[in-house]
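Notes for the one structure printed next.
The values are calculated or read from the model by the stated rules, or taken from the named source; none is laboratory data. These figures come from a predicted structure and were not determined experimentally. In this analysis, Cβ positions are derived from the backbone assuming ideal geometry, glycine residues included, and neighbour counts consider all displayed protein chains.
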């Protein structure tokens, strides 16, 4: 496999080299750029841009105003620019040394330059395929928390884990969200015990943006990324927003308040406080199955972060605390009712979560050279019961990452290297089953990046880690980005990923059933290869930009911890993979602005996910085979109104084997495709917005999502077989208020 990996990794480099060999000239243009102020004084300009006219290919000057630019066949003029100075265009047909002085531009007061950027866009220069969901895109839906942030995104699927607790899960490349590395500002998060309900722990209004990367990520971020990585960027105290307030309510009875406030303590120190509170206390049973359609929840969340910005030293520090009470079950259930046959069935989950993190970085005088040190600690305490089963668990996690960045020879060749350490301590008990354990993983990594202008970027990384239970393992990863011409970007990636499964925590939705957990063997480290290719082609038709992204990713498991609900209806069998397990994901996405103020996204994806379950290679249950997306957003010319409309087509898929259930409750082997629609109307004012909307406009619901709801103490009771919406149309309204520094 290593030989195959090496060949696949080298092939794109060889092809890219051949394709670029005709355009890369040997001659190098060097020089310095100076700036002349109003007094006539001249000084070097660090950070000035030198770009070949008619392209986006160029470089920036270093701290001494120096630059080195390779000549490109067919280009004879360069544009030299710097903010606050007049832009000049020079002819360099014969020059190889250029020294040029820019004159300061005349100050014009009272001019505001604005532009409109797409709410979702792809990073153009990174070798890893990365899609950014901006704050503007997040406001196209109510976005109460992270689980509702992907409604206009074609790559990430979000669905209920079960029909009782309200827990949601994501899928990327057709695989469960546990195979996607979750991070906030490049710090691992929502791991282990937080996997089940963690998407609800991130308030939507706290997020500045979300970055979605497909395939394996940088080795500097760890070894856990298998299908991709989702990185959350929170609002920063040094950003322009000073105060923000959001009030939200819906027809189900939920009320929510979000607020944040930022201010400067001094020229170098700034801070921000973010607060969240939500409550849902209305009992609803629209389908009359005696169970609440949604859980009763109360959540409080507080986050305080600080920033120090010095000349060479900067640091970031933050503390978060969250408390959540969640109650679900039958309509007649009340808190702490004894769970026994004849009494109302109930589920209660009480969670306390505390997080603290720090980042410190030092920028050396040497160009593009820095060192950073990240530390994070998380304490998660959950006390819960699901009917007659008690599940109590605690997790303490410490993570650190020391990273050093510099270059070799020139800044085209950069090196990132470092060491990290992760420690997880679990105290976990399901009735009498004790699952206490600790995991200690130190690791070393190195990553080399070669960049030739904006045409070619090659990144190769390798890390070695030691797990106290699973021993040594290595993680190789390759990424390549090539732009044969300005409007086409090609990315390829190949690499390995690992993860240590938390069998109960990551499958706690199965506790909302009367199935018994049967561990046939101890879990081994999950291990998989991921290979992918992405092409983004940009066009201009009738002066309108159109972007078409197509990609294919394959995930091939070496080992996977199988959760088998097919063998019989009374148990869940857990064992290591014995056979094949893979996922193929094909996707095409079109983004365009056909008219001023109008954004349009069209996307379609095919999932081919198969796993060896109970000795047979078969389609993984509860996975949609395909997905279609139409997202339309229109803002009126005077920016007074905004209209957002999203349609999702979810293809059918396989259900778990129902042989063994009474004939009266058996269903088909597959679930059918279905469509959901969301709509939102926003009235925009200078400092505040009013919005109203509807989720699941057509009111489509999975019929009878709870098996044997009439007797939850019966052996056949099961609320975990969910493939579609479990509540009807949800109407909501809210107000946003913001001020700026």
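Every residue, every condition in (1) under 17 Å from residue 388 (Cβ atoms); (2) buried (at least 20 other Cβ atoms within 10 Å of the Cβ); (3) modelled with pLDDT of 95 or more; (4) out of contact with any helix residue (DSSP H, G or I) (no Cβ under 8 Å at 6 or more places or on another chain), yes or no:
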residue	(1), (2), (3), (4)
502	no, yes, yes, no
506	no, yes, yes, no
512	yes, yes, yes, yes
525	no, no, yes, yes
530	no, yes, yes, yes
536	no, yes, yes, yes
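Could you tell me whether any residue of the range 681-693 is closer than 21 Å to residue 286 by Cβ and out of contact with any strand residue (DSSP E or B) (no Cβ under 7 Å at 6 or more places or on another chain)?
no
Is it the case that residue 310 is in the same structural domain as residue 366 (by TED's automatic domain parsing), crowded, with 20+ Cβ neighbours inside 10 Å and over 29 Å from the mean Cα position of the chain (by Cα)?
no
Return the residues of the range 458-488 that are assigned to a strand (DSSP E or B) and over 19 Å from residue 221 (Cα atoms); say none if nothing qualifies.
Within the range 458-488, 471, 481, 482, 483, 484, 485, 488 qualify.
Restricting to the range 572-592, name every residue that is farther than 22 Å from residue 649 by Cα and in a strand (DSSP E or B).
Once the filter is applied, which keeps residues that are farther than 22 Å from residue 649 by Cα and in a strand (DSSP E or B), the range 572-592 yields 572, 573, 574, 575, 576, 581, 582.
For the range 238-336, list the strands (runs of 3 or more DSSP E) that sit wholly inside it and hold at least 3 residues that are under 23 Å from residue 375 (Cβ atoms); which are they?
Ranges flagged: 269-280, 296-309, 313-329.
Working only within the range 60-70, note down all residues that are assigned to a strand (DSSP E or B) and surrounded by 19 or more Cβ atoms within 10 Å (Cβ to Cβ).
Listed by number, the residues that qualify are 67, 69.
Among the numbered conditions (1) at pLDDT below 95; (2) in contact with a helix residue (DSSP H, G or I) (Cβ under 7 Å, 6 or more places away or on another chain); (3) on the phi < 0 side of the Ramachandran plot, tell me where residue 143 comes up short.
For residue 143, the exception is condition (3).
Which condition number in (1) in contact with a strand residue (DSSP E or B) (Cβ under 7 Å, 6 or more places away or on another chain); (2) loosely packed, with under 15 Cβ neighbours inside 10 Å; (3) at pLDDT below 95 is the one that residue 638 fails?
(1)
Going by the structure shown, is residue 545 surrounded by fewer than 16 Cβ atoms within 10 Å (Cβ to Cβ), part of a strand (DSSP E or B) and either touching a strand residue (DSSP E or B) at 6+ places or on another chain (Cβ under 8 Å) or at positive phi (or both)?
yes
Taking only the range 279-293 into account, find how many residues are more than 16 Å from residue 165 (Cα to Cα) and touching a strand residue (DSSP E or B) at 6+ places or on another chain (Cβ under 8 Å).
Looking only at that region, the number is 0.
So, in the range 80-110, of the ones that are more than 17 Å from residue 34 (Cα to Cα) and touching a strand residue (DSSP E or B) at 6+ places or on another chain (Cβ under 9 Å), which residue ends up modelled with the lowest pLDDT?
Ranking the candidates gives 95 first.
Rundown of residues vs (1) part of a strand (DSSP E or B); (2) in contact (Cβ under 8 Å) with a residue 24 or more places away in the chain; (3) under 30 Å from residue 686 (Cβ atoms), yes/no style:
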| position | (1), (2), (3) |
| --- | --- |
| 605 | yes, yes, no |
| 609 | yes, yes, no |
| 622 | no, yes, no |
| 629 | yes, yes, no |
| 632 | yes, yes, yes |
| 639 | no, yes, yes |
| 644 | yes, yes, yes |
| 647 | yes, yes, no |
